[in-house]
Amino acid sequence: MNCRSEVLEVSVEGRQVDEAMLALLHTILLHRSTGKFHYKKEGTYSIGTVGTQDVDCDFIDFTFVRVSSDELDRVIRKAVAEFKDGLGNSGNDGMGQISLEFYQKKKSRWPFSDECIPWEVWSIKVNVVNLANEQERQICSEKVGEKLGEKVINIVEVINRHEYLPKMPTQSEVDNVFDTSLKDVQPYLYKITFQITDSMGTSVSTTMRRLIKDTLAL
Amino acid sequence: MAHFDTEYQRLEASYSDSPPGEENLLVHVPEGSKSPWHHIENLDLFFQRISFLHYNEQFDYVYNLHQKNGFTCMLLGEIFELVQLVFVVAFTVFLVNCVDYDILFANKFVNHTDSSKVTLPDAILPVDVCSARIRDNVFVIFIILISGVFWLHRLVKFMYNICCYWEIRSFFINALKMSMADLPYFTWQEVQARIVEIQKEHQICIHKKELTELDIYHRILRFKNYMVAMVNKSLLPVRFHLPLLGDTVFYTRGLKYNFELIFFWGPGSLFENEWSLKAEYKRGGNRLELADRLSSRILWIGIANLLLCPVILIWQILYAFFSHTEVIKREPGSLGARCWSLYGRFYLRHFNELDHELMSRLSKGYKASSKYMNCFMSPLLTVVAKNVAFFAGSILAVLIALTIYDEDVLAVEHVLSSITLLGVCITICRSFIPDKHMVFCPEQLLKVILAHIHYMPDHWQGNAHRYETRDEFAQLFQYKAVFILEELLSPVITPFILIFCLRRKSLEIIDFFRNFTVDVVGVGDTCSFAQMDVRQHGHPAWMSAGKTEASIYQQAEDGKTELSLMHFAITNPHWQPPRESTHFISQLKEKVHREASGGQQGILTDNAVFTSTHSLQSDSEPHSLIANLLMGPPSLSSLHLGREGSINPVSVGASEGASALRSLSPISSSIHLRGSYPSARLPRPDQPALAASRAMTGSGTDAQTISSGSSAWEGQLTSMVLSEYASTEMSIHALYMHEMHKQQSQGELSRHTWYRQESDESSESVNEDLESTRNFPRSSTFPCTTTPHQEGAAHHSSRQQRRHGGTTDSVPGSSRVQRTPRVPLGGWSEETRTGRHHDTVPEEGSEDELPPRVHKVRSVTWATVGSF
């Protein structure tokens, strides 16, 4: 509950899925990443630099900016590819949702595992459309490009709002806020999950988890 | 860049030896480690725990005069609960299997070599025989297994809770800056105010910059509000029409647990998590399908209940036996005592009312309620009871006399048991014999009750003397014995209610949740009734006519929206209601004020009564100061009633005292103090006496330099009196609203022709109730104003000055200030006089506590000042 959630909806053609997703995810991550922190004595730190680079899409008439970190790109590409496979395998006319969740870790005492508390969730609902001929594709590629442009502006607007962000951590806590595994860039801790089709019904595992939690909390 | 560089470095004095080449980098200082309390995941649970722990502390404090660490108390309590569970099971198994009852009852003789005495160990079977018997008994093993699982579950829960509360404890200490020892001194309102403060700094909720009181209440009471609304709209199947018993209410803890399981948190419940309703339930499209699903779920849960019924039943019986037998043996009358039923608690609960608020309200109404119920002693029963008591008493007297003469009588078989039985019999009979000095004035008593419980059905008005009313009231206020019995029957009846009654309502339930759920930013899905929006859920017959746009389906019954709104606004004076509601509140307050000052009818005549009762009460010595302290607020309140918050609360009644005090201990800080007291609607009711104490200590120190530690008592005093004041104000408003409602619905004030004039005694009895309402712990040792904590006293007295100041100081709003209190004063003081002179009690009159104690306050202040 205690987390913002933003929903973006796009309709794209099958082959545009990964590029559209990459464009949106990268845009969000661009604004949610900082340079690496270099901690010094007395609890101060300096921030490293972050490079950016433009990416041209093949199937969409669109160019987006991403953090020039190949590692990050690889991770996201992998997630998006899985999502696309899932969409392809699902058989029905392709509805899906990919969500990018930023969270904080809270260290707990021994018997419990660390809590992951999300503070912002971006859900991108994807609707895959089928197109008949090349001309439609042409139009679609332009249209999707425009739409994505709008979304990017949308994202920037949301991010520009003065809203809650985790506070800058000290050295010992940096792992609770930032993903420090990458060499050249340091995004906020994030998680990419996806759901295929409108299967909003809770799965068995989540139900069980909640049941246990509820009985404990009672 | 260089500029920034220097600025940052200046903060860190020791940061001077950075390696060359890095000076040009921007250097940041992390802010993270300061508090772990920003951004809490489950605020619902978090706030619940805070309120629970806080309440626990208070609870703990009230009963343990010495300050103990409430956390440890809670820990111990939980541990003992676990131990108790083991004990109940183990002891039962032992009693069933390991005792040789033949020896115990002396049906079988033991051959001892040395003596003929039978000792307890003789009656206990040896271990191997015992364990063999247990092993052979499948049923016992089954029970042990079940309870073992149950116990393990409790153990895990206990561990989990401890960890959570430990965290909350550190939240109290580190973030709210309240030590556990001081916690009992803080009222919930103060804790809440600190949480709101904390939010500004730490952002525990990330959606908003600021939390409001309502947000916190919504989170704590999310599900309770739903339940209250469902009971209010009679959605839950708790009322039944039975062939022999007539209308009955059956609502037990087991049933409540099942309802909650079905709606809120069980597997497949309507709620996705603590804060949001599942999306499909918010859409109207497939309501039929959802209703089907819900009804099949209810069926399954009902069947599960049915299957588990024997286990639960056995548990309930054992538990009831072990927890109640001792009490019943000690005081058999306790079975005849009454308690507020679970249904009553839901019926009487306001929206957004915390447990402790409800409980204190109901406890204040307890005495009047039991008195009311006692009015209805059936004369037949009384005659029978008197005679039974007589015969039983004579036999008992003879037996006791014989025993005193020679105690061998006790050894005769059944003599001891018959003595016990006769004793119990007499006690029971006595509870049927009404008090000789009882006065039958139900209408008045019901008014007193209403002042505390705030809700009652319309048809009770004017029918207080009827048995129907009594029976209906008994549904809210049942015998303890009935309560225990219902709890015992609950495992058997619950599954049937679920399967046959609740299932039929599944469509209504689905509709209810869809229609009455609103998504509040930063809070999640809450019951829309709990928003207390007069426009959406107001009832035209409850003073919100013209403002409400609600259909009949949307209107809350019994004026719940309106009364809840008033209650919430009064208990949380800092809360900023939405505009509509503000309008409603101010209008109502103004009306009450006008009525009061106009002195025509209803409430005012009541006040006259109360004046008289209070003057009676205050004459009794022991309470003098505290009583007067407590008397103070209502008078101030009455003076203050119609006013809106921004005006500085001044009471003319106290003004003389205040100016006198000023001559003793001059303070010039009143103006800026008033500034710091901007919008509270409440005057500080404790001022007069505290001012006195200040005069006594003679300190002219500035108020703001208090240390909270030393002024703990005074802090407690302030908060308690404040809450007392709030509840009084709420009582006035509740009565007024009911009165208005009555007039509105009947067109005229109904005159009850049936009334017995027993003025003196009735006022006496009301008076007693008054005392009971001031259930003021530690009154004997209460160091009200005599504790010469200089700083504390100074602090309060300066607050006092803040209030009194307005009377004498030149203030921008002084003309207003002069004007406003004048009107009520005239009205009230005149009432005071009339109240004293008239011995008869006007028939509407029996509000509990609205004593216009202007004169009293003043005189006490004078007296105290004089004595020093």
The set of residues whose placed amide H lies less than 5 Å from the amide H of A:THR34, leaving out same-chain residues fewer than 5 positions away, is A:GLN186, A:TYR188
Between B:ALA181 and B:ILE317, the FRET efficiency computed from the C-beta separation at R0 = 41 Å comes out, to the nearest 0.05, as 0.50
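Pulled fully out, how much extra length does the chain show between B:LYS209 and B:ARG466, if you take 0.36 nm times their separation in residues and subtract their Cα-Cα distance?
In short, 87.1 nm is gained.
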So B:THR119 and B:LEU288, fully extended at 0.36 nm per residue minus their Cα-Cα distance, gain in nm 53.9 nm
Once the in-chain neighbours fewer than 8 apart are removed, the lysines whose Cα is under 22 Å from A:LYS143 read A:LYS84, A:LYS125, A:LYS151
Quick calc, B:GLN744 & B:LEU242: beta-carbon distance into FRET formula, R0 22 Å, rounding 0.05, result 0.05
Farthest towards the positive end of the dipole of chain A, among A:TYR188, A:PHE59, A:ASN130 and with Cβ unit charges of +1 on Lys and Arg and -1 on Asp and Glu, lies the Cα of A:TYR188
If B:LEU299, A:LEU189 are placed from fewest to most neighbouring beta carbons inside 10 Å, the sequence is B:LEU299, A:LEU189
The simple spin-label model distance between B:VAL398 and A:THR34, using points 7 Å out along Cα→Cβ, in nm, is 9.4
For B:LYS157, counting only lysines whose alpha-carbon sits under 29 Å away and dropping same-chain residues fewer than eight positions off, the answer is A:LYS105, A:LYS106, A:LYS107, A:LYS213, B:LYS68, B:LYS177, B:LYS224, B:LYS256, B:LYS278
Phi angles of the stretch B:197-210, converted by Karplus (6.51 cos²θ - 1.76 cosθ + 1.60, θ = phi - 60°) into ³J(HN,Hα) in whole Hz with x for Gly and Pro, give 4, 4, 4, 4, 8, 9, 6, 5, 10, 8, 7, 10, 6, 10
The answer for A:GLU115, listing residues at least 5 apart or on another chain whose modeled amide H is closer than 5 Å to its amide H, is A:LYS106, A:SER108
Taking a straight Cα-to-Cα line shorter than 17 Å from B:LYS386, and setting aside same-chain lysines fewer than 8 residues away, one finds B:LYS436
Taking alpha-carbon centroids only, the stretch B:411-458 lies from the stretch B:210-263 a number of Å equal to 30
For the stretch B:550-566, Karplus-derived ³J(HN,Hα) couplings (6.51, -1.76, 1.60; θ = phi - 60°; whole Hz; x for glycine and proline) come out as 7, 7, 4, 5, 8, 6, 6, 7, 6, x, 5, 4, 5, 5, 5, 4, 4
Summed over the other residues with a beta carbon less than 15 angstrom from that of A:CYS140, with K and R at +1 and D and E at -1, the charge totals -4
So, with points 7 Å from each Cα along the Cβ direction, the B:TRP151-B:ASP408 label distance in nm works out to 4.8
Partner shielding of B:272-279, as the mean number of partner chain Cβ atoms within 10 Å, equals 3
Ordered by fewest other Cβ atoms within 10 Å, a rough proxy for footprinting exposure, B:ASP533, A:ASP184, A:ASP58, B:ASP292 read A:ASP58, B:ASP292, A:ASP184, B:ASP533
Per-residue Cβ contact counts at 10 Å, fewest first, order B:CYS98, B:CYS163 as B:CYS163, B:CYS98
Phi-derived 3J(HN,Hα) across the stretch A:162-169 with the Karplus relation (6.51, -1.76, 1.60, θ = phi - 60°), rounded Hz, x for Gly and Pro, is 8, 10, 4, 10, x, 6, 5, x
Here the whole-number average of other chain Cβ atoms within 10 Å per Cβ of A:42-53 is 4
Each label sits 7 Å from Cα toward the beta-carbon; between A:ASN133 and B:GLN84 the label points are separated, in nm, by 8.2
Flagged as over-length at 29 Å C-alpha distance, from A:LYS41/A:LYS191; B:LYS200/B:LYS282; B:LYS589/B:LYS742, the pairs are A:LYS41/A:LYS191; B:LYS200/B:LYS282
The long-range amide H neighbours of B:VAL520, using H built 1.01 Å from N in the peptide plane and a cut-off of under 5 Å, are B:ASP525, B:THR526
Sorted on mean Cβ neighbours within 10 Å (highest first), peptides B:363-369, B:481-487 come out as B:363-369, B:481-487
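Calculate the mean, over all residues of peptide A:167-173, of how many other protein chain Cβ atoms lie within 10 angstrom of the residue's Cβ.
Counting other chains' Cβ atoms within 10 Å and averaging over A:167-173 gives 5.
Read the figures in this text as sums done on the coordinates, not as results from a lab. This is a predicted model, so every value here is computed, not measured. Cβ: placed from backbone, ideal geometry, glycine included. Neighbour counts: every protein chain shown.
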